[in-house]
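For reference, the structure discussed in these notes is given below.
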Amino acid sequence: MESKHFSHRHNLIIHQMPEGETIDCSGCNLATSGAVYACMQCKFFLHEKCFHATRSINHPSHPLHHLTLVPYPTYPTGYFTCDSCSELGSGFSFTCSTCDFDLHVHCASISDNTPVDVVPYLESQMTGTTSTEPETEPTAAPTQIQHKSHAEHALNFLPRAPSANGTFICNGCGENGDASVYRCSTCDYDLHIKCAWLNRTVDRVDHEHPLTLYYSNPYKDKGVAFECDVCHYNVPENSWVYCCLDCDYGTHVNCVWGEERPKADTELEKFIAAKQEPTRAHTQIHHKSHAKHALNLLSRYPGADGEYMCNGCGESGNDSVYRCSTCDYDLHVKCAGLNEIVDRVDHEHPLTLFYSNPYKGKGVIFECDVCHYNIPSDSWIYCCLECAYGTHVNCVWGKERPKAVVELEKFVAAQQELSRLQQQMQMNRLSAQMIASSINGFRH
């Protein structure tokens, strides 16, 4: 039986894959097996769910507008960044062209973890069916959900966290958030919107069994630390984890779609970090980067939210800090203990620690030779002046990233910023028109 699909010019037939064999779906680019819709002439294959995916949905992760199914990204790069898992995609996506909001098909799909009060709604959205009781279907993100990870109380949707700076720590993945949040104010329990909708089970192409989502380390009662099999760092015992108990295999929830890192790289990073971390920090130090005054050790930054910006690496911190309150100068404890000279295996000369761009007087912008992003002129840098080779202090032990990938990231970011500015200009223009109209109405 032949069927037509909007994404392909030829008719598709149902093809049964040989047992044990898989092939990449031309829609979502994930491996598929069993029955597929196929055009053998073009080597074009679709999962059944990709073939039957409806052309337009309303999704709780983006309540402002409906999302349209497109067969390939509309961006000049040919790629999109999924606003759920943050991974790049090049196949089918549900997209909002107004907001440049995109979801992989599998990230938009209903899962066992979907809050029970919106299951009927998402089922109808993903399959294109309609409910006999449309008044029960939400038209935006549910304002309140019941989540299996926090059975005691409901979680309420907030467009912004109630903290002074609008940030929160997600109790699911353990990372920061600064956008909308599902929150239980009674327990101070917060979830990213994307974490509230994580699939209960996922499949990785490099593991034979499905991975199940657990809301804490499944081995914590045995006192066993769980190491992520993708990044090779420990998963905090109360953070969520994707795990296969049969194989003792698991990942951070934000690593589950990532490529496994070489374990040697991670072990080297851990070794260097342990070596640089002082066994007992001095309560006061004199540091070459700030010769004017001593730096005092504080267990917590004195600001309202306890966060600060390190004047060494340029990144934020929320733990102990070496601080000069006179100059508002702050250093991570680890940055205060950085070695002045280090060796990289891929560079023939040692790298020296400079406390600002050594070329800034010449108007030269220095690009990190590991991550290929610019180093701010006042940030510290490890540098070989002889070769004009240097890195961010936090990149010095990292593996060099492919420059083509970084250039693509920069291009996508520039396009997104341009779109944001255009939207802002349009909003300003509309506001000005409304004000002018109000003034004219007042005059008359």
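The values are calculated or read from the model by the stated rules, or taken from the named source; none is laboratory data. What you see is a predicted model; the values in this text were computed from it and never measured. As a convention, Cβ positions derive from the backbone with ideal geometry for all residues, glycine included, and neighbour counts pool all protein chains shown. Just so you know, the surface numbers come from the protein's heavy atoms only, side chains and all, with ligands and any DNA or RNA stripped out. Shrake-Rupley method; radii C 1.70, N 1.55, O 1.52, S 1.80 Å.
A few remarks follow.
- At the residue level, M309 shows approximately 110 square angstrom of accessible surface with a 1.4 angstrom probe and all protein chains present.
- Where E348, E407 fall by accessible area, highest first, once all protein chains stay in place (1.4 Å): E348, E407
- Virtual spin-label span in nm between N156 and D246, 7 Å along Cα→Cβ: 4.4 nm
- Using the Cβ-Cβ distance between N296 and M427 with R0 set to 51 Å, the FRET efficiency works out to roughly 0.65.
- Note on surface exposure: I375, I14, I23 rank I14, I23, I375 by accessible area, highest first, 1.4 Å probe.
- Ordered from highest to lowest accessible area with the whole protein assembly present and a 1.4 Å probe, K399, K410, K334 read as K399, K334, K410.
- Peptides ranked, highest mean first, by Cβ atoms within 10 Å: ranges 144-152, 413-421: 144-152, 413-421
- Sum of -39500 (n - 2.57) over DSSP H runs of 4+, divided by residues of the chain (222 nm, nearest 500): -5500 deg cm²/dmol
- Kyte-Doolittle mean at least 0.5 and Cα axial length at least 24 Å: DSSP H helices in the chain: none
- D248 accessible area, 1.4 Å probe, all protein chains in place, Å² to nearest 10: 100 Å²
- As a fraction of the 1.4 Å probe accessible area of the chain, surface on carbon and sulfur atoms comes out at 52 percent.
- A Förster radius of 51 Å combined with the Cβ-Cβ distance from I365 to I13 puts the calculated FRET efficiency at roughly 0.35.
- Placing unit charges on the Cβ atoms only, positive for Lys and Arg and negative for Asp and Glu, gives the chain a dipole magnitude near 1320 debye about its Cα centre.
- Read-out Kirkwood radius over Cα pairs in Å, derived from the coordinates shown; its label in [x] 27.7; [y] 25.6; [z] 22.8: [y]
- Per residue, the chain exposes 56 Å² of accessible surface when a 1.4 Å probe is rolled over the protein heavy atoms with every protein chain present.
- For segment 376-417, the pair-distance distribution built from all alpha carbon pairs, in bins 5 Å wide starting at 0, is 5, 19, 16, 22, 22, 12, 4, 0 percent.
- Extension gain, L88-E227: 0.36 nm per intervening residue step, less the Cα-Cα distance, totals 47.5 nm.
- Using heavy atoms of the protein chains and a probe of 1.4 Å, the accessible area assigned to W257 is about 90 Å².
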